[in-house]
Amino acid sequence: MINEASTFLKKGGVIICPTDTVYGFLADASNKKAVDKIYKIKRRPKSKPLPVFVKDLKMAKELAEISGEQAKILKKFWPGKYTFRLKRRPGVKLYGLDKKTIAIRIPNHSFLKKLLKQVDNPLVQTSVNVSGQSTLNKISDIINEFGKSDILIINGGNLKKSKSSKIVDLTGNKIKTLRR
């Protein structure tokens with residue numbers, strides 16, 4: 001399944017798969033068409049940037065300006081259910097992001113960790129739902145809502161009710177929690 005998902009993403013496809021928090025839409029962050037497809041499917045305003053999954057701290061440092069102190073914080077909480085907002089490195093060519101910042105997470109989910117290693121590219125990600133509606137965690141609801149779209153759905157069964165990741169802003173002088 002990893003090979004199929006990796007190939008699908010590399011060809012500009014969107015996948016739905018379980019994460020360590022909720023089911024998520026994923027697409028190659030360097031592919032504008034794929035990122036635009038997530039916005040369209042979710043009916044998400046383009047003014048709302050998407051977070052990205054990365055495979056490791058090295059990849060995160062290629063995308064964001066990370067100080068030694070910030071790296072200590074990231075190492076403490078990654079991999080895991082924490083998304084960190086950091087200052088974006090100039091010249092990063094990814095889509096669906098804020099101009100000056102980037103929200104990054106290393107998930108603690110075996111399938112995703114393997115997928116990220118194989119794809120070897122940041123993946124934009126967001127919860128599976130239509131913007132403003134509840135996140136879907138039952139596979140039958142996901143298939144009913146999005147099964148007719150040209151999306152590869154990785155069936156991880158029904159997920160327990162769970163919160164999306166906690167979002168912590170590290171762009172200022174003080175650490176701020178943006179979502180608990």
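Please treat every number below as a calculation from the coordinates, not as lab data. Keep in mind the model is a prediction, meaning the values are calculated, not measured. Counting neighbours? That spans all protein chains shown, and the Cβs are built from the backbone with ideal geometry, glycine included.
Worth a mention:
- Around the amide H of ASN31, modelled in the peptide plane, lie the amide H atoms of TYR95, all under 5 Å away and 5 or more residues distant in sequence or on another chain.
- Cα-Cα over 28 Å, subset of LYS37/LYS81; LYS33/LYS99; LYS100/LYS161; LYS87/LYS148; LYS58/LYS99: LYS100/LYS161; LYS87/LYS148
- Relative to the longest principal axis of the Cα atoms of the chain, helix 110-119 runs at roughly 80 degrees.
- DSSP bridge orientation in the chain - percent antiparallel, rounded to nearest 5: 70
- Scalar couplings 3J(HN,Hα) for the stretch 160-171, obtained by applying the Karplus form with A = 6.51, B = -1.76, C = 1.60 to θ = phi - 60°, are 5, 4, 8, 7, 5, 5, 6, 10, 10, 8, 10, 7 Hz; x denotes Gly and Pro.
- A dipole drawn for the chain from +1 and -1 charges on Cβ atoms has a positive end, and of ILE15, ILE102, LEU170 the residue lying farthest that way is LEU170.
- Compared with the dominant principal axis of the Cα atoms in the chain, helix 68-77 is inclined by about 40°.
- Charge tally for GLU65 (other residues, Cβ to Cβ under 9 Å; Lys, Arg +1; Asp, Glu -1): +4.
- Across the stretch 2-179, the fraction of Cα-Cα pairs farther apart than 31 Å, rounded to a whole number, is 9%.
- Size of charge dipole - the chain - debye, nearest 20, with Cβ of Lys, Arg +1 and Asp, Glu -1, no other charges: 600
- Net charge over other residues, Cβ less than 9 angstrom from the Cβ of LYS166 (K, R count +1; D, E count -1): +4
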